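Let me begin by presenting the structure, written as structure tokens, before commenting on it.
Readers should treat all values here as calculations from the given coordinates under stated rules, not as data from a laboratory. Everything numeric in this text was worked out from a predicted model, so none of it was measured. Cβ: placed from backbone, ideal geometry, glycine included. Neighbour counts: every protein chain shown.
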Amino acid sequence: MANKPDSGDIKITVSFLRDFQSKVLQKMVDDLETNPHVAELALTVGSAKGQRRLLAGSESWEPAKLLIEKYEAPTTGTGPSLYTQIDAIKNQLIKLNDNITYVVGLAMSGEDENIKLSTELNMSQLGEILATAPAPPPAPAPGGAGT
């Protein structure tokens, strides 16, 4: 039945998982780690008042101060919040890559009786093994409740 395209069965081979790791997952992680815009966002995390320099203007000038606060404020700024979300994505991709390495190792060694020795894994097995944690919630919007 799995040979019919409309049977509902999906088979994922070890070679497919290895290709996915090297051609997709690792490329995404490398892109996130080397992207200059992500590195710039990282500068907003933990930047103290008077040391925030990603936006032009002096904090003594009220319009610049408001813009800097909205963008770079450590707990409510869009910069740190966006960086936190991007970092969570990167960490999930790394965890997924590690989990796939674990699954491939099991399939290749045949240690787990639930994984077919033909090195094919079904979707429910992958779902259990590759489950990741949910992304962190975004920071509260500036000017929202509590401000």
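Rounded to 0.05, the FRET efficiency of the residue 40 and residue 11 pair, given R0 = 30 Å and the Cβ-Cβ distance, is 0.10.
On the basis of the beta-carbon distance and an R0 of 25 Å, residue 64 and residue 31 show a calculated FRET efficiency of 0.20.
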